[in-house]
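The values are calculated or read from the model by the stated rules, or taken from the named source; none is laboratory data. Keep in mind that this is a model prediction, so the values were computed, not measured. Counting neighbours? That spans all protein chains shown, and the Cβs are built from the backbone with ideal geometry, glycine included. All accessible areas refer to the heavy atoms of the entire protein, side chains included, with ligands and DNA or RNA removed. Shrake-Rupley method; radii C 1.70, N 1.55, O 1.52, S 1.80 Å.
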Amino acid sequence: MIISWRTFALTLLISLLVGISSASELADRLLDAAVGRLGSRAVSGDVVILALDERTIASSRNRDFTPTQYAEVVDKVNAAGAKRLLIDFYFDRRENDRDFPLFVSAVKKMGDRVVLAVPTRTDPGTGQQVSIFPSPKFGPEVPIASIAWDIEFWQVWRMPITYVAEGRPLPTFASVIANKYSPTPAKFRLDLSYNPATITTYSTRDLLDGRIGARELRGKDVIFAPTAPNFQDTSYLPGQERLPGGYIHLIAAETLKRGDPVDIGWVPPLLFTMIAMAAALRLRNPRHFAPVALATAALLVAGKIALGLMLVTTWIGASIFCIAVLSTAVSRKRRRVSAQRQNPVSGLPTFEAMRNQVPFGSATVIAAKLVNFEDLAAFLPGEGSQQMVDQVARRLALACHGTQLHHDLDGTFAWLVPYYQHSQIEGQLAGLAALFNAPLTIGEQRVDVAIAFGVNDEFEGSNAQRLAAALVAAEQSIRTRSLWTKFAPRGKEDAGWQLSFHSQLEDALTGGDIWVAFQPQYAVATRQLVGVEALVRWTHPTRGPIPPDEFIVQAEKSQDIYRLTLFVMDQAIRSAAQLQQLGIDIHMSVNLSATLLDHSDLVGTVRVMLTAHHLPPEKLTIEITETAQIENSGQARQTLAQLRRAGIRLSIDDYGTGQSNLEYLTEIEADEIKIDKRFVMTMRDSQRNLEVVKSTIDLAHRLGAVAVAEGIEDAPTLALLEQLGCDVGQGYLLGKPQQFSELLNSLSDTPHSRTA
């Protein structure tokens, strides 16, 4: 599915709750109101309104329509041969009038063809419903009907067929006119498609003056109702302005005359919606979901309107809510996928997009990596990184020849070369190398970049496998300092070795293939030995020496880094203790990945080792790498604080690279800062790198820390570091990593022998 089943199920549950609670009812009512606004159905004409309107009231003496006049209306309607007369008035305040008996007599003469109204209203004092029945003077045989209805959202949506007035079930005007009755209280939805403008309305004044009679009223149901403003007998019908009550009774009667209204509720539409959405979510292309969702919503709306015209009421609010929630979830998923497939810096598609395109077929995959990308990205000011990526992309695009260039989030690039251009690949890469010999211009700065390529022209495997193979080859180019490397079966052997890494590491630790080398550290000013760094090495019986970067990274991936680190830690502490016994007072440094700081038992384990080998904790320095992992880890900060309280020195390793920066100087109270060798080795040729080294030394001193320089390979570099005030240095000039026995042989008891 496009989204998870869990999200789908949760949406269904919430939609059910919305339906049960009627929380989405407003959407249905708005749609019904729109139908009412656009309604154009004409009424049948079998029912007419005889309006006691403003003109009639104005022509009455003292604006009082008397019982005598009511009686005259009844007599004239009776004489006109009307089918029935439904009087939408109540006369509880007129019973004591002298002429009220005239009205009673007229009603009795019309017999069962007249219907008197029984209103129900709320008593303002008690808040109870009170019904007003006609005067007993009319006799027990006079037909009566309820004119009560409920107001919902300030409008009339439903009308009763039978209404219980003070315990007495009564038909309503609508049920009397339509001749449809219910023995129990029941309500029905109004057909809002009727246009009130099509209702035939006659003024009572015209009836009394003889202008209308049998031709207009014969055989019709007549609702005698007030329409003059002073009666205030108006209510809102959805989609309409205020209408007199008689109009609403008439529309209700027309609804019942057309058929039997049915309310099927919200469950069937929601079931239909869930089936449609489940099918849409299983489409392979997420872009097809939106049209299906819109079509489903349109079908729901059209179905509701069509069924409403057939007097079938449906509630689609919960269904529309369900579609909206699922559409939002799909949209968020698409945005995440889109973000994953488009590099925000360059705007180029990412490797994720490349993996998901059609199979590469016979095309060759080319991967390109900037050798010093992390350094450049870390130190280019402002929008410098953006400008650098743009310029690199423009140069690489020259080799793509119309194929799409892809740019991943870590600064690597890749593209495909069609099979008919395979013979040109070497020349294209050589041309690109020549382009990158020229520095990039970033603002006012000229930046040197180096690039390495990986080529995979094997046709086997998925897109992801072939791209990964090209990236492995590019990494190999960087390690071997070659322009480009072609992926070879050896890469597959490496992959197989990585898959069995855990067991291979176990064998190496128990068999002695993994061992610890020691590289001396000297005070730059005095050339005195001040420390030793413990470095792990692996000599494989068949593969030979394995570069530390290879197996350390793999150990971190396979969760074996903790055991490997403890092995190195134990060997280093043991060796430092032996040096102490020989009178060689130095610090022992051990690298520790920041990922291990989340181990709550780390500090206790290290203290046990120190105690077991009788080494003072202040003689151990732990170098923290990958400090970016400390940022969101409370356990890591706690572990660092415990190490310091235990007396162990802390060092920030590889300072100046993408993994270590100024922010983490506030996270780690370091005793020393190690300047990455990439800056030290090039500082005599790069003024920028020289400034980085100089400022880092000054920063370390201001923080009360020792500045340590790595990668010292020649005397001029050592002399320059001395001028800059660097405290400690290490590198091939001062001493290579060596076995502990070799280190002991190179040292003697005389102070002179401990001088570089």
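Tabulated results
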quantity: Gyration tensor over alpha-carbon atoms, the chain, equivalent ellipsoid semi-axes in Å; calculated: 95, 30, 23
quantity: Cα extents of region 283-379 along the three principal axes, largest first (Å); calculated: 74, 39, 14
quantity: Options Leu294, Ile451, Ala228, ranked by Cα towards positive dipole end of the chain, top entry (Cβ charges); calculated: Ala228
quantity: Counting DSSP beta bridges with both ends in the chain, the antiparallel % (nearest 5); calculated: 50
quantity: By average C-beta atoms within 10 angstrom, highest first, the peptides 429-436, 70-77; calculated: 70-77, 429-436
quantity: If the convex hull is drawn through the Cα atoms of region 172-287, its volume per residue in Å³; calculated: 179
quantity: Region 156-198 - Rg over Rh from alpha carbon coordinates, Kirkwood radius; calculated: 1.04
quantity: Spin-label model distance (nm) - Thr666 vs Gln738, 7 Å beyond Cα toward Cβ; calculated: 4.5
quantity: Segment Val267-Thr510, length gained on full extension (0.36 nm per residue, minus Cα span); calculated: 80.8 nm
quantity: Mean accessible surface per residue for region 250-379, computed with a 1.4 Å probe while every protein chain stays in place, in Å²; calculated: 47
quantity: Of all DSSP beta bridges in region 67-184, antiparallel share, percent nearest 5; calculated: 55
quantity: Efficiency of FRET between Arg282 and Glu426 - r from beta-carbon atoms, R0 56 angstrom, step 0.05; calculated: 0.75
quantity: Per residue Cα convex hull volume in Å³ - calculated over region 14-90; calculated: 204
quantity: Distance in nm between pseudo-label sites at Ser4 and Asn179 (7 Å out along the Cβ direction from Cα); calculated: 6.3
quantity: Dipole of the chain [Lys/Arg +1, Asp/Glu -1 at C-beta], most positive-end residue of Thr611, Leu720, Ser686; calculated: Ser686
quantity: Protection proxy ranking of 227-239, 116-128, 351-363 - average other beta-carbon atoms within 10 Å, highest first; calculated: 227-239, 351-363, 116-128
quantity: Surface share of carbon and sulfur [accessible, 1.4 angstrom probe, percent] for region 217-280; calculated: 57
quantity: Mean Cα-pair separation over length for region 422-559, i.e. relative contact order, pairs under 8 Å, 6 or more apart, %; calculated: 14
quantity: 5 angstrom amide H check on Phe89, placed H, neighbours 5+ away; calculated: Ala117
quantity: Positive-pole candidate from Gly210, Val516, Ile147, dipole of the chain, charges at beta carbon; calculated: Gly210
quantity: Equivalent ellipsoid semi-axes - Cα gyration tensor, region 48-137, angstrom; calculated: 23, 17, 14
quantity: Three semi-axes of the equivalent ellipsoid, region 160-237, Cα gyration tensor, whole Å, largest first; calculated: 28, 16, 15
quantity: Nearest-20 debye value, the chain charge dipole, Cβ charges on Lys, Arg, Asp, Glu; calculated: 3520
quantity: In region 669-753, the chymotrypsin sites (Phe, Trp or Tyr not before Pro) that fall in loop regions by DSSP, at most 15 other Cβ within 10 Å; calculated: Tyr732
quantity: Per-residue [θ]222 nm for the chain (sum of -39500 (n - 2.57) over DSSP H runs n ≥ 4, rounded to 500); calculated: -13000 deg cm²/dmol
quantity: Set of lysines with alpha-carbon distance to Lys736 below 29 Å, sequence-local pairs under 8 removed; calculated: Lys557, Lys619, Lys674, Lys677, Lys694
quantity: Dipole magnitude (debye, nearest 20) for region 464-622, charges at Cβ of Lys, Arg, Asp, Glu; calculated: 500
quantity: Computed E for Ser362/Val553 - FRET, C-beta separation, R0 35 angstrom, nearest 0.05; calculated: 0.60
quantity: Residue-wise HN-Hα coupling along region 278-288, computed from phi with Karplus coefficients 6.51, -1.76, 1.60 (Hz; x: Gly, Pro); calculated: 4, 5, 5, 6, 8, 5, 5, 9, x, 5, 7
quantity: Percent of alpha-carbon pairs separated by more than 16 Å within region 448-491; calculated: 31
quantity: Of Lys109/Lys180; Lys180/Lys304; Lys76/Lys187; Lys76/Lys108, those spanning more than 23 Å from alpha-carbon to alpha-carbon; calculated: Lys109/Lys180; Lys180/Lys304; Lys76/Lys187
